[in-house]
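I have placed the structure first, in the form of structure tokens, so that the comments after it can refer back to it.
The values are calculated or read from the model by the stated rules, or taken from the named source; none is laboratory data. The structure presented is a predicted model; accordingly, all values stated were derived computationally and were not measured. Cβ atoms come from the backbone with ideal geometry, glycine included; neighbour counts cover every protein chain shown.
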Amino acid sequence: MNRFPQRVYESYSDIPPVLVQTLLFIENRTLLDPGKPYMNPAIEWNRLGKAAMEKVLSKMGSPRSVPGGSTLATQLEKLRHSPEGVTKNVWQKMHQMLSASLRSYLNGEQTFESRKNIVLNYFNALPLAAIPGFGEVIGLGDGMWAWYGVGFEDYNSLFFADADDLTKEEKEVRAEMFRRVLSLFIAQRRPSYYLKTTEGRLHLNQMTDSYLKILLRKGMISPDLHQPEYQMGTNLRRVAPEQAAVSFIDRKDANSVRTELLNLLQVNSLYDLDRFDLTVQTTFNREVQQAVTQVLQRLHDPGFIRKKGFEGFRLISGDPESIKYAVVLYERTPQGNLLRVQTDNVNMPLNINNGTKLELGSTAKLRVLINYLEIISDLYETYAGATSQELRQIPTPQRDTIKRWTLDYLANHPEATQRQLLEAAMQRRYSASTSERFFTGGGMHRFNNFDGKHEGLMMTLSEAFNHSVNLPYIRLMRDIVYYYAVRLPGNPTSMLDDPHDPRRLEYLSRFADMEGRQFMDQFYRKYVGKIGDELIREALKDRQTNPRRAAWIFRSIRPEASIEEFLAIRDIHIVPAPQDKIAAFNRAAIEPLNWQDRGYLASVHPLELWLVSYLYHNPGASMADWSGASAEVRQEVYRWLFKHRNKRAQDNRIWQVIEKDAFFEIHKAWRKVGYPFPSLVPSYATAIGSSADRPDALAELVGIILNDGIRMPMAHIEKIHFASGTPYETVIEREPAEGVRVISSEVAAVVHEAMVKVVEKGTARRVAGSMITSKGKVLTIGGKTGTGNNRIQVFGARGTLLESRTLNRTSTLVFFIGDQFFGTITVYVSGREASGHAFTSSLSAQLLRHLAPELQPLFDGQLPKV
């Protein structure tokens, strides 16, 4: 529960009587007069009349301050409903009085109980300004804690105690507590002034002393609450006390719901959300959530790891403290996909399931497979009615192997159904050989399989999916890219065979602009925030600069500079005599040279030189500024590429543009089924996870498969109850949801079957048969595993590996259980610690198997709400 204020009185009887009497004496003396059972607490006619008269006198020039005419009831209405808690005019005051009157008589003509509730609400709604380290302070309880560091029970228990039972020291403390409470009653009149300014605090002390004397003289307090020999200042704090550390692990579900509420209610911050009067019924199963969380936390215990079979080959072998685990589980219902469990063992606000971007390895094959089968399905819809002869005569681009295979299959099997075609597509064979090099993503790449025993085999896509073999899916991704590439406007792949195609110039220009921007983005990060000579020193830095090179760099950046300014630049790498520098400066005549030539002579990328020069002469220039100004120079430095004798180099660059456009189309297909990011890495390596994913988004993908190809809403919340017990009470409940078909029913069925085989005889065999209801029914499980080993490798000349550094390691299982439940299990290690681990997707599969007893209440329909 997130309650604001945090420290409140639950009922009128919980408030110490002496504090009630004090508040009423200061603010509203007749409010609880038992002799007036029908009294309207919104109006005190004497008080209102006096305030009105003083207001008239002030208009006539009276210097006296105007007293307020508000009762506690109208003050509450002002705090609740007036903008900024301020009464702007007479009409607002009338509205406050009318609203307070109506509220008081809601339960009948006798108002005594309503008046007690006014006191209770006022104690809990005192506006006491904001304090650093906590924020806005509302209510006496939070006020005593934030401004004085006093616990709620600490001062209340003293006021309820019998004075005769207190020691002298306890009486002194009680007197101090009373003085502090009194000061906050007074401070609410001008909280920011009294509590936060030096002058206001002095004034508050004086007023508190005055009121103590009056209260004692009037007999409102006993003498032991006013001890002149023990009067302290208010001792207000400057910052709030430190709060007890919050376990983010225990609040993963609550924080997930709060984040969802921000979107639903269009609230800007959690701070604002905490000020809403609402109760939320979530979709979580509290008992299962807690049980799963406890298991994840115990996975840092070496004894537990050994006892439960998490230690060993392809499981935990490194430091268990560095491993992070995350689980997300949904249930299909008529109201949509309801989140039942979402937890991890990371004691931070970060939620691994929906707040990360991770390389999840071969789970990407699931997205590739769906994309591929949807292509086959679309081709079936287009050509299923054609005759064999017509199908064989349909022209097909050479690179469009998917279409060619589909047409051949339909020509040879004219009676085939869509399901039969898709099942046949799963039996297409691809090589698992690692010997081929692939030009993709702007360079030549070689890919490996996880298990060397598959080297050189010809495997069906079904077999490769079961055993998570990479190379067949790399080659399948290549076919998919070609499928989309030949369907781009004008089939740009045809220009690769025609050196005279006029479109080549357009694509080369696009490449120059595209790669030029990439280089300049890198350079800008190097120089951002630097100005003047700082830019030049950064350009000279770490380049083993000799005078000749330094001169070309300097004059390219500052062609208007004098030789004296060049000599004034100090750099530790330039140590020869001044005359050598002068000679180098004179020889570096840049006027007749373009930026390509200047870069060559300076041994610096020409775009880097141009950018430094631009930033030097345009201090404060933004990325948009230099991006627009560099359009022409980006084309200039690639002019060499436009010459016909460089056809092979041209073809490589043209293909990079075509490939990027094709991946733009692939991304559309992936987004349709819930891919969470705005782009894909234009590389075949996307088939094995290089474009990253998010565990929660993978779970949604499996939900689509489980729901026959229909994408349903993903829900955290079932009911929201606003302002209970008020005239504004509103209840919003989730209704049966309508889904959107995003893949065909036949594709969903084939993928469902493929995922079942992964569990029955593939990489997720560990979980086979593990999910059983209390009545002994074994639930069907399907899944897809993935192991991500994200590394940076640095190669030298001739391909020599100079450095290999692990960035992170992941193990993921995306799964469904029966026909209702689906989710993901993710294991993650980040940074240098990842190099000490060798776990694979076997670890996430082992964890799901171990969680079977914790998840069983879900399978049995035991779903208590949170």
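Out of everything in region 755-780 that is crowded, with 24+ Cβ neighbours inside 10 Å and hydrophobic (A, V, I, L, M, F, W, C), what residue ends up being farthest from residue 465 (Cα to Cα)?
Initially, region 755-780 is screened for residues crowded, with 24+ Cβ neighbours inside 10 Å, giving 755, 758-759, 763-764, 767.
Narrowing further to those that are hydrophobic (A, V, I, L, M, F, W, C): 755, 758-759, 764, 767.
Values: 755: 8, 758: 7, 759: 11, 764: 11, 767: 17 Å.
Result: 767.
If you scan region 632-654, which residues turn out to be closer than 22 Å to residue 682 by Cβ and either within 35 Å of the chain's Cα centre (by Cα) or of a type in the set (Asp, Glu) (or both)?
The answer is 651, and nothing else.
May I ask you to list the residues in region 163-182 that are farther than 25 Å from residue 11 by Cβ and part of a helix (DSSP H, G or I)?
Selection gives 164, 168, 169, 170, 171, 172, 173, 175, 176, 179.
Would you pick out the residues in region 266-278 that are out of contact with any helix residue (DSSP H, G or I) (no Cβ under 7 Å at 6 or more places or on another chain) and either in a loop (DSSP other than H, G, I, E, B) or modelled with pLDDT of 85 or more (or both)? Show your work before the answer.
If we filter region 266-278 for residues that are out of contact with any helix residue (DSSP H, G or I) (no Cβ under 7 Å at 6 or more places or on another chain), which is where we start, we get 266, 268-269, 271-272, 274-278.
Once the filter is applied, which keeps residues that are out of contact with any helix residue (DSSP H, G or I) (no Cβ under 7 Å at 6 or more places or on another chain) and either in a loop (DSSP other than H, G, I, E, B) or modelled with pLDDT of 85 or more (or both), region 266-278 yields 266, 268, 269, 274, 275, 276, 277, 278.
Scanning for something charged (D, E, K, R), out of contact with any Pro (no Cβ under 9 Å at 6 or more places or on another chain), without any contact (Cβ under 8 Å) to a residue 40 or more places away in the chain and within 19 Å of residue 765 (Cα to Cα), does region 449-467 turn up at least one residue? Talk me through it step by step, then tell me what you get.
Step one: filter region 449-467 for residues charged (D, E, K, R), giving 451, 453, 455, 463.
This time we only want the ones that are out of contact with any Pro (no Cβ under 9 Å at 6 or more places or on another chain), so: 451, 453, 455.
With the extra rule that they be without any contact (Cβ under 8 Å) to a residue 40 or more places away in the chain, the set shrinks to 451, 453, 455.
Cutting the leftovers down to within 19 Å of residue 765 (Cα to Cα) gives us 451, 453.
Within region 449-467 (the criterion being charged (D, E, K, R), out of contact with any Pro (no Cβ under 9 Å at 6 or more places or on another chain), without any contact (Cβ under 8 Å) to a residue 40 or more places away in the chain and within 19 Å of residue 765 (Cα to Cα)), the answer is yes, since at least one residue qualifies.
For region 187-200: of the residues being assigned to a helix (DSSP H, G or I) and surrounded by fewer than 19 Cβ atoms within 10 Å (Cβ to Cβ), which is farthest from the chain's Cα centre (by Cα)?
Just the residues of region 187-200 that are assigned to a helix (DSSP H, G or I), to begin with: 187, 191-196, 198-200.
Within this subset, residues satisfying the condition of being surrounded by fewer than 19 Cβ atoms within 10 Å (Cβ to Cβ) are 192-193, 196, 198-200.
Details: 192: 35, 193: 38, 196: 35, 198: 41, 199: 44, 200: 42 Å.
Checking each candidate, the answer is 199.
Among what's in region 828-844 and is under 21 Å from residue 692 (Cβ atoms) and aliphatic (A, V, I, L, M), pick the residue that is nearest to the chain's Cα centre (by Cα). Reasoning before the result, please.
Initial filter on region 828-844 (under 21 Å from residue 692 (Cβ atoms)): 828-835, 837, 839-841, 843-844.
Those left that are additionally aliphatic (A, V, I, L, M): 829, 834, 843.
Working: 829: 19, 834: 23, 843: 26 Å.
So, considering only residues that are under 21 Å from residue 692 (Cβ atoms) and aliphatic (A, V, I, L, M), the one nearest to the chain's Cα centre (by Cα) is 829.
Might you check whether a residue that is part of a strand (DSSP E or B) and closer than 25 Å to residue 712 by Cα occurs anywhere in region 369-376? It would help to see each step written out before you state the result.
Of all residues in region 369-376, those part of a strand (DSSP E or B) come to none.
No, region 369-376 contains no residue that is part of a strand (DSSP E or B) and closer than 25 Å to residue 712 by Cα.
With the condition kept exactly as written, say whether any residue in region 520-540 is at pLDDT below 90, closer than 30 Å to residue 589 by Cα, among the basic types (Lys, Arg) and exposed (fewer than 15 other Cβ atoms within 10 Å of the Cβ).
Within region 520-540, one or more residues are at pLDDT below 90, closer than 30 Å to residue 589 by Cα, among the basic types (Lys, Arg) and exposed (fewer than 15 other Cβ atoms within 10 Å of the Cβ).
When you look at residue 664, is it under 28 Å from residue 827 (Cβ atoms) and surrounded by fewer than 19 Cβ atoms within 10 Å (Cβ to Cβ), yes or no?
Taking the combined requirement at face value, the residue does not satisfy it.
Listed here are the residues, each with its yes/no results for (1) more than 20 Å from residue 328 (Cβ to Cβ); (2) modelled with pLDDT of 95 or more; (3) in contact with a Gly (Cβ under 7 Å, 6 or more places away or on another chain); (4) surrounded by fewer than 19 Cβ atoms within 10 Å (Cβ to Cβ).
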| residue | (1), (2), (3), (4) |
| --- | --- |
| 703 | no, yes, no, no |
| 711 | no, yes, yes, no |
| 725 | yes, no, no, yes |
| 730 | yes, no, no, yes |
| 740 | yes, yes, no, yes |
| 749 | yes, yes, no, yes |
| 753 | yes, yes, no, yes |
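Looking only at region 229-250, filter to residues that are under 30 Å from residue 296 (Cα atoms) and either of a type in the set (Gly, Ala, Ser) or not in a loop (DSSP other than H, G, I, E, B) (or both); which one of those is modelled with the highest pLDDT? Before the answer, list the steps.
First, the residues of region 229-250 that are under 30 Å from residue 296 (Cα atoms): 242-250.
When the remaining residues are screened for being either of a type in the set (Gly, Ala, Ser) or not in a loop (DSSP other than H, G, I, E, B) (or both), the result is 244-245, 247.
Working: 244: 75, 245: 74, 247: 79.
Per the criteria, the residue is 247.
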